[in-house]
Amino acid sequence: METRLTASFRAIAPAAAALAAAAFAAVPAWATPDTSVANKQGYNTDVIYQIVTDRFVDGNAANNPAGAAFSAGCTQKRLYCGGDWKGIQNKIDDGYLTGMGITAIWISQPVENITAVINYSGTNNTAYHGYWARDFKKPNLAYGSLADLTNLINAAHAKNIKVIIDFAPNHTSPASQSDASFAENGKLYDNGALLSSYSSDSGNWFHHTGGTSFANLEDGIYRNLFDLADMNHNKTEVDAYFKAAIKTWLDLGIDGIRMDAVKHMPFGWQKNFMAYVHAYKPVFTFGEWFLGENEVDPANHYFANRSGMSLLDFQFAQKVRQVFKDGSADMTSLNQMVSDTAAQYSQVNDQVTFIDNHDMARFKAAGANNRKLEQALAFTLTSRGVPAIYYGTEQYMEGTGDPDNRSKMTAFGTATTA
């Protein structure tokens with residue numbers, strides 16, 4: 001399959017090059033791609049680099065968690081490994097990202113997370129990934145202080161690199177309705193003041209309808225995603241809380257938002273939330289609506305076209321993986337996906353394309369020829385949409401799934417073909 005794909009690329013390369021040359025020749029001066037940090041909404045000429053903050057660079061060992069929560073050398077990938085905002089800043093300052101043509105970085109959710117170590121089936125787990133929030137208005141001190149994040153943003157802007165934060169208002173942290181001692185009981189804080197815990201929730205800050213079976217869209221919205229304490233967005237105080245929380249980060253100078261689990265929150269609330277962002281300090285925002293192989297969901301298109309945010313383009317990603325990674329689909333189906341999505345998404349050039357991320361097996365499989373990855377990158381970077389490259393892809397990092405797909409950055413060489 002690899003030989004056939006390589007031959008196909010050789011066949012289309014001259015035509016593609018000619019089309020690209022003609023397209024650029026026809027672009028008027030006023031339409032020159034604008035990747036400057038002053039442009040916070042139009043990202044379709046940008047290249048995003050996704051960073052799992054804890055897995056990139058340890059720039060300040062002083063903020064590493066102590067005791068059982070930390071794994072020196074990152075041998076235990078469900079614990080903290082030391083990556084922080086200072087480390088990202090160091091790689092901005094030394095030109096590593098600029099050298100790849102990166103014009104935007106997407107970092108882990110910066111908010112304060114639980115510090116408890118949770119044991120699942122004999123394995124200790126921490127909130128290194130940033131998705132177990134406890135206070136959406138305070139920083140995760142394992143990543144650094146607000147001053148450190150401000151320094152990162154300023155350093156990025158000095159290099160004309162935009163900063164996108166992950167934001168996950170769907171839930172707080174793992175919780176049990178019947179066992180208040182489990183983890184931190186999903187507690188939600190407002191700048192240090194406790195608002196509610198999951199098992200003692202007289203104000204109905206959370207849903208209490210059990211875990212979702214994923215049977216339908218509504219079941220996924222109004223039930224817990226696995227054991228994560230699910231927020232009740234129809235409560236006025238919850239709405240006000242998250243608008244005030246995102247204001248904290250917008251005021252810090254961020255340039256974009258990646259919204260986690262948009263499939264699992266009410267559409268109306270998210271549209272209203274985006275109306276607030278666009279009215280206050282508008283920034284490019286894209287959400288995560290997971291789709292499996294060959295899955296096409298009209299609700300996904302409806303959301304992208306009407307919510308006020310773009311989406312991670314899973315239709316694109318899954319088909320690219322089938323064609324270039326697995327060899328389970330052909331170039332005709334790839335062309336069909338491009339044609340279909342052009343009609344399905346009203347703003348197809350604003351959808352975020354990718355080949356892998358922190359929730360999927362890495363594109364590079366053990367023993368696979370590097371050329372497969374290089375072809376997929378070439379296709380993604382020259383296609384429509386806003387390409388997002390997962391950290392370490394340029395170093396051919398591998399990993400079959402969580403947490404192996406979130407290993408510590410292996411190298412920073414600048415001579416790889418990728």
- Highest GNM mean-square fluctuation among ASP330, ASP350, ASP166, for the chain with Cα springs under 10 Å, belongs to ASP330
- Message: Between 0 and 90 degrees, rounded to the nearest ten: what's the tilt of helix 267-280 against the longest Cα principal axis of the chain?
- Response: 80 degrees
- Leaving out ligands and nucleic acids, note down the accessible area per residue over the stretch 184-235 with a 1.4 angstrom probe, in whole Å². 47 Å²
- Quick one: putting +1 on the C-beta of Lys and Arg, -1 on the C-beta of Asp and Glu, what dipole do you get for the chain around its Cα centre, in Debye to the nearest 20? 620 debye
- Item | Spin-label zone in the stretch 203-242 - amide nitrogen under 15 Å from a point set 7 Å from the Cα of TYR302 along the C-beta vector | 216-221
- Note on the structure: Lys pairs in the stretch 264-418 with Cα under 23 Å (8 or more apart in sequence, or on separate chains) total 9
- Based on the Cβ-Cβ distance of SER383 and TYR120, what FRET efficiency does E = 1/(1 + (r/R0)^6) give at R0 = 41 Å, to the nearest 0.05? 0.60
- Heavy-atom accessible area of the chain with neighbours in place, 1.4 angstrom probe: carbon+sulfur share in percent works out to 53 percent
- Query: Amide H to amide H, which residues 5 or more places from LYS137 or on other chains are under 5 Å from it, using H placed in the peptide plane?
  - Reply: GLU112, ASN191
- Query: If you add up the charges near GLN270, with Lys and Arg at +1 and Asp and Glu at -1, over every other residue whose beta carbon is less than 14 angstrom from its beta carbon, what do you get?
  - Reply: +2
- Query: With a sphere of radius 9 Å drawn around the Cβ of GLY83, what net charge do the other residues whose Cβ falls strictly inside it have (Lys, Arg +1; Asp, Glu -1)?
  - Reply: -1
- Roughly how many Å² of SER121 are accessible to a 1.4 Å probe, to the nearest 10? 130 Å²
- Task: Compute the length gained on full extension between ALA279 and SER213: take 0.36 nm times their separation in residues and subtract their Cα-Cα distance, giving the result in nm to one decimal.
- Result: 20.1 nm
- Query: In the set (i) 1.25; (ii) 0.97; (iii) 1.05, which value of Cα Rg over 2.2 N^0.38 Å was calculated from the structure you see?
  - Reply: (ii)
- Message: Please list, in order, the residues from the stretch 80-106 whose amide nitrogen is less than 20 Å from a point placed 7 Å along the Cα→Cβ vector of ASN39.
- Response: 97-106
- Query: What percent do you get for the relative contact order of the stretch 202-271 when only Cα pairs under 8 Å and 6+ apart count?
  - Reply: 32 percent
- Considering Cα pairs under 8 angstrom that are at least six residues apart, work out the relative contact order of the stretch 63-219 and quote it in whole percent. 22 percent
- Task: Provide the solvent-accessible area of GLU237, counting protein heavy atoms only and rolling a 1.4 Å probe, rounded to the nearest 10 Å².
- Result: 90 Å²
- Message: Can you tell me the orientation of helix 146-158 relative to the chain, as the angle in degrees between its alpha-carbon axis and the longest Cα principal axis, to the nearest 10?
- Response: 20 degrees
- Solvent-accessible heavy-atom area per residue, rounded to whole Å², over the stretch 262-369 at 1.4 Å: 36 Å²
- Task: Could you please put ASP135, ASP94 in sequence from largest to smallest accessible area, using a 1.4 Å probe?
- Result: ASP94, ASP135
- Which net charge results for the neighbourhood of GLY401, defined as the other residues with beta-carbon distances under 12 angstrom from its beta-carbon, given Lys and Arg at +1 and Asp and Glu at -1? -2
- Message: Looking at the calculated P(r) for the stretch 207-312, what percent of the C-alpha pair distances fall above 17 Å?
- Response: 55 percent
- Item | Accessible-area value, THR414, 1.4 Å probe, nucleic acids and ligands omitted, Å² | 120 Å²
- Note on the structure: Between the Cα axis of helix 331-344 and the main Cα principal axis of the chain, the angle (0 to 90°, nearest 10) is 60 degrees
- Query: Extension gain ASP251-ASP93, at 0.36 nm per residue separation less the Cα-Cα distance, in nm?
  - Reply: 54.6 nm
- If contacts are Cα pairs under 8 angstrom and at least 6 residues apart, what is the relative contact order of the chain in percent? 15 percent
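The values are calculated or read from the model by the stated rules, or taken from the named source; none is laboratory data. Just so you know, these numbers come straight off a predicted model, no measurement behind them. With ideal geometry, Cβ positions are generated from the backbone for all residues, glycine too; neighbour counts draw on all protein chains shown. Surface areas here come from the heavy atoms of the whole protein model, side chains and all, with no ligands, DNA or RNA. Shrake-Rupley method; radii C 1.70, N 1.55, O 1.52, S 1.80 Å.
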